[in-house]
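What follows is a single structure, written as C-alpha coordinates, with notes after it.
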Amino acid sequence: MSNQQNAYLKAMGIDVWIERNPSNISSPETSQPEVSHHVESDAKQDEPIPTPLHKTEYAVKSEVSVNIDRLDWPALRSSVAECHDCDLSKHRTKTIFGAGNQTAALMIIGDAPSAEDELQGEPFSGQAGKLLTAMLKAMGYQRNDVYISNLVKCRASENQDPGVEEVTACAPYLVRQIKLVQPDLILVLGSVAAQLLLKSKSTLSRLRGQLHYIEDINIPVIVSFDPAYLLRSPNEKRKAWDDLQTAMKELSNIANSKNL
Ligand code: SF4
(Lines give C-alpha, C1' and ligand atoms only; values in the text may rest on other atoms or scores of the structure.)
Protein backbone atom coordinates (compact mmCIF):
# COMPACT_ATOMS: atom_id res chain seq x y z
CA MET A 1 0.00 0.00 0.00
CA SER A 2 1.33 3.44 -0.93
CA ASN A 3 2.12 6.16 1.62
CA GLN A 4 -0.67 8.18 0.03
CA GLN A 5 -3.21 5.41 0.63
CA ASN A 6 -1.95 5.10 4.20
CA ALA A 7 -2.59 8.82 4.63
CA TYR A 8 -6.12 8.48 3.29
CA LEU A 9 -6.83 5.49 5.53
CA LYS A 10 -5.79 7.67 8.43
CA ALA A 11 -8.25 10.27 7.13
CA MET A 12 -10.96 7.56 7.22
CA GLY A 13 -10.08 7.03 10.86
CA ILE A 14 -8.48 3.62 10.32
CA ASP A 15 -5.31 2.98 12.32
CA VAL A 16 -2.76 2.15 9.66
CA TRP A 17 -0.36 0.54 12.14
CA ILE A 18 -2.61 -2.53 12.14
CA GLU A 19 -1.66 -3.16 8.53
CA ARG A 20 1.97 -3.93 9.50
CA ASN A 21 0.70 -7.22 10.99
CA PRO A 22 -0.88 -9.09 8.09
CA SER A 23 -2.50 -11.63 10.42
CA ASN A 24 -4.74 -8.87 11.74
CA ILE A 25 -6.04 -7.85 8.33
CA SER A 26 -9.18 -9.18 6.74
CA SER A 27 -8.32 -9.49 3.08
CA PRO A 28 -11.02 -9.60 0.40
CA GLU A 29 -10.14 -13.27 -0.06
CA THR A 30 -10.47 -14.20 3.58
CA SER A 31 -13.07 -11.83 4.96
CA GLN A 32 -16.44 -13.37 5.75
CA PRO A 33 -19.77 -11.59 5.73
CA GLU A 34 -20.69 -10.53 9.23
CA VAL A 35 -23.64 -12.33 10.74
CA SER A 36 -26.00 -9.86 12.31
CA HIS A 37 -27.62 -10.50 15.66
CA HIS A 38 -30.80 -9.11 14.17
CA VAL A 39 -31.18 -11.41 11.19
CA GLU A 40 -34.62 -12.39 10.09
CA SER A 41 -35.58 -16.00 9.46
CA ASP A 42 -34.23 -17.56 6.26
CA ALA A 43 -37.78 -17.85 4.92
CA LYS A 44 -38.24 -14.12 5.29
CA GLN A 45 -34.84 -13.34 3.78
CA ASP A 46 -35.79 -15.26 0.65
CA GLU A 47 -38.87 -13.15 0.10
CA PRO A 48 -38.14 -10.53 -2.56
CA ILE A 49 -39.10 -6.95 -1.86
CA PRO A 50 -41.49 -5.77 -4.59
CA THR A 51 -39.65 -2.79 -6.03
CA PRO A 52 -40.22 -2.53 -9.76
CA LEU A 53 -37.14 -0.74 -11.04
CA HIS A 54 -38.34 -0.65 -14.60
CA LYS A 55 -41.33 1.62 -14.64
CA THR A 56 -40.24 3.80 -17.57
CA GLU A 57 -43.18 6.13 -18.01
CA TYR A 58 -44.79 8.71 -15.80
CA ALA A 59 -47.26 11.48 -16.40
CA VAL A 60 -46.03 15.04 -16.04
CA LYS A 61 -48.39 17.87 -15.18
CA SER A 62 -49.20 18.46 -18.82
CA GLU A 63 -50.27 14.80 -18.96
CA VAL A 64 -47.72 14.19 -21.69
CA SER A 65 -46.25 10.76 -21.21
CA VAL A 66 -42.46 10.86 -20.95
CA ASN A 67 -40.30 7.82 -21.57
CA ILE A 68 -37.62 8.19 -18.93
CA ASP A 69 -35.58 5.42 -20.50
CA ARG A 70 -34.88 7.63 -23.51
CA LEU A 71 -33.97 10.87 -21.75
CA ASP A 72 -30.47 12.34 -22.08
CA TRP A 73 -28.71 13.88 -19.08
CA PRO A 74 -30.19 17.43 -19.32
CA ALA A 75 -33.74 16.13 -19.92
CA LEU A 76 -33.40 13.63 -17.08
CA ARG A 77 -32.20 16.33 -14.69
CA SER A 78 -35.14 18.57 -15.68
CA SER A 79 -37.62 15.74 -15.20
CA VAL A 80 -36.30 15.04 -11.72
CA ALA A 81 -36.41 18.74 -10.79
CA GLU A 82 -40.10 18.92 -11.80
CA CYS A 83 -41.12 15.58 -10.32
CA HIS A 84 -43.90 15.26 -7.73
CA ASP A 85 -44.50 11.57 -8.20
CA CYS A 86 -44.25 10.71 -4.51
CA ASP A 87 -44.82 12.29 -1.11
CA LEU A 88 -41.14 13.12 -0.64
CA SER A 89 -41.69 16.12 -2.92
CA LYS A 90 -43.77 17.72 -0.14
CA HIS A 91 -40.77 18.15 2.16
CA ARG A 92 -38.00 19.02 -0.24
CA THR A 93 -36.63 22.43 -1.01
CA LYS A 94 -34.83 21.04 -4.06
CA THR A 95 -34.13 17.71 -5.73
CA ILE A 96 -30.65 16.19 -5.42
CA PHE A 97 -30.02 14.69 -8.82
CA GLY A 98 -26.50 13.25 -8.62
CA ALA A 99 -22.98 14.46 -9.33
CA GLY A 100 -19.66 13.43 -10.80
CA ASN A 101 -18.18 11.79 -13.86
CA GLN A 102 -21.01 10.77 -16.18
CA THR A 103 -18.84 8.06 -17.75
CA ALA A 104 -17.33 6.78 -14.50
CA ALA A 105 -16.13 3.21 -14.02
CA LEU A 106 -17.42 3.37 -10.44
CA MET A 107 -20.90 4.53 -9.46
CA ILE A 108 -21.87 5.14 -5.84
CA ILE A 109 -25.51 4.82 -4.79
CA GLY A 110 -26.67 5.90 -1.34
CA ASP A 111 -30.03 5.76 0.45
CA ALA A 112 -31.47 9.29 0.29
CA PRO A 113 -30.30 12.91 0.38
CA SER A 114 -29.71 14.38 3.84
CA ALA A 115 -30.70 17.85 5.00
CA GLU A 116 -27.05 18.86 4.49
CA ASP A 117 -27.16 17.47 0.92
CA GLU A 118 -30.22 19.60 0.26
CA LEU A 119 -28.40 22.68 1.56
CA GLN A 120 -25.30 21.99 -0.54
CA GLY A 121 -27.20 20.66 -3.58
CA GLU A 122 -25.04 17.52 -3.82
CA PRO A 123 -25.34 13.95 -2.58
CA PHE A 124 -23.05 12.98 0.32
CA SER A 125 -22.26 16.49 1.60
CA GLY A 126 -21.18 17.45 5.12
CA GLN A 127 -19.17 15.15 7.38
CA ALA A 128 -20.50 11.98 5.73
CA GLY A 129 -19.41 13.40 2.40
CA LYS A 130 -15.93 14.15 3.74
CA LEU A 131 -15.64 10.56 4.89
CA LEU A 132 -16.82 9.30 1.49
CA THR A 133 -14.19 11.49 -0.18
CA ALA A 134 -11.53 9.97 2.11
CA MET A 135 -12.81 6.47 1.30
CA LEU A 136 -12.62 7.17 -2.43
CA LYS A 137 -9.11 8.59 -2.10
CA ALA A 138 -8.06 5.43 -0.26
CA MET A 139 -9.28 3.55 -3.34
CA GLY A 140 -7.21 5.83 -5.60
CA TYR A 141 -10.10 8.00 -6.83
CA GLN A 142 -10.84 11.69 -6.63
CA ARG A 143 -14.49 12.41 -5.90
CA ASN A 144 -15.03 13.73 -9.42
CA ASP A 145 -13.75 10.45 -10.89
CA VAL A 146 -16.90 8.61 -9.81
CA TYR A 147 -20.62 9.23 -10.27
CA ILE A 148 -22.62 9.62 -7.05
CA SER A 149 -26.38 9.39 -6.70
CA ASN A 150 -29.08 8.21 -4.33
CA LEU A 151 -31.94 5.77 -4.43
CA VAL A 152 -34.38 8.70 -4.22
CA LYS A 153 -33.77 12.28 -5.31
CA CYS A 154 -35.69 14.06 -2.55
CA ARG A 155 -34.85 14.29 1.14
CA ALA A 156 -36.96 12.05 3.33
CA SER A 157 -38.70 13.71 6.26
CA GLU A 158 -36.85 13.86 9.57
CA ASN A 159 -35.08 10.60 10.49
CA GLN A 160 -37.15 8.47 8.11
CA ASP A 161 -35.91 6.13 5.44
CA PRO A 162 -37.58 6.22 2.03
CA GLY A 163 -40.22 3.53 1.69
CA VAL A 164 -41.01 1.07 -1.07
CA GLU A 165 -43.56 3.45 -2.64
CA GLU A 166 -41.07 6.30 -2.88
CA VAL A 167 -38.29 4.07 -4.15
CA THR A 168 -40.62 2.57 -6.75
CA ALA A 169 -41.68 6.03 -7.90
CA CYS A 170 -38.08 7.24 -8.15
CA ALA A 171 -36.48 4.05 -9.50
CA PRO A 172 -36.79 4.93 -13.22
CA TYR A 173 -34.55 7.97 -12.69
CA LEU A 174 -31.87 5.90 -11.01
CA VAL A 175 -32.11 3.14 -13.60
CA ARG A 176 -31.71 5.74 -16.36
CA GLN A 177 -28.69 7.22 -14.56
CA ILE A 178 -27.11 3.78 -14.34
CA LYS A 179 -27.75 3.13 -18.03
CA LEU A 180 -26.30 6.52 -19.02
CA VAL A 181 -23.17 6.11 -16.87
CA GLN A 182 -22.71 2.41 -17.71
CA PRO A 183 -20.29 1.91 -14.81
CA ASP A 184 -18.13 -1.19 -14.47
CA LEU A 185 -19.13 -1.51 -10.82
CA ILE A 186 -21.77 -0.09 -8.49
CA LEU A 187 -20.95 0.45 -4.82
CA VAL A 188 -24.16 0.63 -2.81
CA LEU A 189 -23.72 2.41 0.53
CA GLY A 190 -26.46 1.80 3.05
CA SER A 191 -28.94 -0.88 4.03
CA VAL A 192 -32.04 0.76 2.55
CA ALA A 193 -30.46 1.15 -0.88
CA ALA A 194 -28.95 -2.34 -0.71
CA GLN A 195 -32.18 -4.09 0.28
CA LEU A 196 -34.41 -2.25 -2.15
CA LEU A 197 -32.05 -2.37 -5.13
CA LEU A 198 -31.28 -6.05 -4.62
CA LYS A 199 -34.89 -6.89 -3.63
CA SER A 200 -33.67 -8.61 -0.50
CA LYS A 201 -34.67 -8.56 3.15
CA SER A 202 -31.21 -9.71 4.22
CA THR A 203 -29.34 -7.45 6.57
CA LEU A 204 -26.49 -5.31 5.30
CA SER A 205 -24.08 -7.59 7.16
CA ARG A 206 -25.29 -10.55 5.11
CA LEU A 207 -25.24 -8.64 1.83
CA ARG A 208 -21.63 -7.50 2.30
CA GLY A 209 -18.69 -9.57 1.11
CA GLN A 210 -20.18 -10.88 -2.14
CA LEU A 211 -20.96 -9.70 -5.66
CA HIS A 212 -24.60 -8.99 -6.51
CA TYR A 213 -26.46 -7.92 -9.62
CA ILE A 214 -29.48 -5.63 -9.78
CA GLU A 215 -32.26 -7.45 -11.61
CA ASP A 216 -32.00 -6.93 -15.40
CA ILE A 217 -28.92 -4.71 -15.02
CA ASN A 218 -25.82 -6.70 -15.78
CA ILE A 219 -23.44 -4.65 -13.64
CA PRO A 220 -21.73 -6.06 -10.54
CA VAL A 221 -22.75 -4.53 -7.22
CA ILE A 222 -20.86 -4.44 -3.93
CA VAL A 223 -22.59 -3.41 -0.73
CA SER A 224 -21.06 -1.50 2.16
CA PHE A 225 -21.90 0.88 4.98
CA ASP A 226 -23.40 4.34 4.64
CA PRO A 227 -20.64 6.85 5.59
CA ALA A 228 -23.14 8.54 7.95
CA TYR A 229 -23.42 5.22 9.80
CA LEU A 230 -19.63 4.88 9.88
CA LEU A 231 -19.42 8.28 11.58
CA ARG A 232 -21.67 6.92 14.35
CA SER A 233 -19.96 3.52 14.42
CA PRO A 234 -16.26 4.10 13.69
CA ASN A 235 -15.40 0.51 14.68
CA GLU A 236 -17.02 -0.60 11.42
CA LYS A 237 -14.58 1.40 9.28
CA ARG A 238 -12.20 -1.52 8.96
CA LYS A 239 -15.00 -3.66 7.55
CA ALA A 240 -15.81 -0.82 5.16
CA TRP A 241 -12.16 -0.85 4.05
CA ASP A 242 -12.49 -4.60 3.36
CA ASP A 243 -15.46 -3.80 1.12
CA LEU A 244 -13.52 -1.08 -0.70
CA GLN A 245 -10.64 -3.49 -1.28
CA THR A 246 -13.09 -6.00 -2.76
CA ALA A 247 -14.43 -3.27 -5.03
CA MET A 248 -10.88 -2.27 -6.11
CA LYS A 249 -10.04 -5.88 -6.89
CA GLU A 250 -13.22 -6.31 -8.96
CA LEU A 251 -12.61 -3.06 -10.84
CA SER A 252 -9.05 -4.16 -11.58
CA ASN A 253 -10.28 -7.54 -12.87
CA ILE A 254 -12.83 -5.82 -15.11
CA ALA A 255 -10.22 -3.38 -16.46
CA ASN A 256 -7.81 -6.25 -17.14
CA SER A 257 -10.49 -8.27 -18.94
CA LYS A 258 -11.27 -5.25 -21.14
CA ASN A 259 -7.60 -5.00 -22.12
CA LEU A 260 -7.34 -8.64 -23.20
FE1 SF4 B 1 -40.02 12.38 -7.74
FE2 SF4 B 1 -38.10 10.82 -6.77
FE3 SF4 B 1 -38.59 13.15 -5.60
FE4 SF4 B 1 -40.35 11.16 -5.38
S5 SF4 B 1 -38.24 11.17 -4.59
S6 SF4 B 1 -40.83 13.31 -5.85
S7 SF4 B 1 -40.18 10.16 -7.38
S8 SF4 B 1 -37.82 12.85 -7.68
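The values are calculated or read from the model by the stated rules, or taken from the named source; none is laboratory data. None of the values given here were measured: they were computed from a predicted structure. Every residue, glycine as well, gets a Cβ built from its backbone with ideal geometry; the counts of neighbours run over all protein chains shown. In case anyone asks, the SASA skips ligands and DNA or RNA and just uses the protein heavy atoms, side chains included. Shrake-Rupley method; radii C 1.70, N 1.55, O 1.52, S 1.80 Å.
Some observations on this one:
- All of (1) at pLDDT 95 or above; (2) open to solvent by less than 10 Å² (accessible area, probe 1.4 Å) hold for Ala171 with one exception: (1).
- Of the residues making up the stretch 128-160, those that are within 15 Å of the chain's Cα centre (by Cα), within 14 Å of Met12 (Cα to Cα) and in contact (Cβ under 8 Å) with a residue 60 or more places away in the chain are Ala128, Gly129, Leu131, Leu132, Met135.
- Odd one out for Phe124 among (1) assigned to a loop (DSSP other than H, G, I, E, B); (2) open to solvent by 30 Å² or more (accessible area, probe 1.4 Å); (3) closer than 22 Å to Glu236 by Cα: (2)
- Positions within the stretch 91-122 being over 18 Å from the mean Cα position of the chain (by Cα) and within 13 Å of the ligand (Cβ to nearest atom), in sequence order: His91, Arg92, Thr93, Lys94
- Residues of the stretch 214-235 that turn out to be among the acidic types (Asp, Glu) and either farther than 15 Å from Met135 by Cβ or surrounded by fewer than 16 Cβ atoms within 10 Å (Cβ to Cβ) (or both), as a count: 2
- Of the numbered criteria (1) among the aliphatic types (A, V, I, L, M); (2) more than 16 Å from the ligand (Cβ to nearest atom); (3) not in a helix (DSSP H, G or I), the one Val152 fails is (2).
- Some residue of the stretch 74-90 being of a type outside the set (D, E, K, R), away from the ligand (no atom under 13 Å from the Cβ), open to solvent by 10 Å² or more (accessible area, probe 1.4 Å) and not in a strand (DSSP E or B): yes
- So Met135, is it surrounded by fewer than 20 Cβ atoms within 10 Å (Cβ to Cβ), more than 13 Å from the ligand (Cβ to nearest atom) and not polar (S, T, N, Q): no
- Of the set (1) open to solvent by 40 Å² or more (accessible area, probe 1.4 Å); (2) over 15 Å from Phe97 (Cβ atoms); (3) hydrophobic (A, V, I, L, M, F, W, C), all apply to Leu180 but (2).
- Subset of the stretch 138-168 [farther than 26 Å from Asp85 by Cα and open to solvent by 10 Å² or more (accessible area, probe 1.4 Å)]: Met139, Gly140, Tyr141, Gln142, Arg143, Asn144, Asp145
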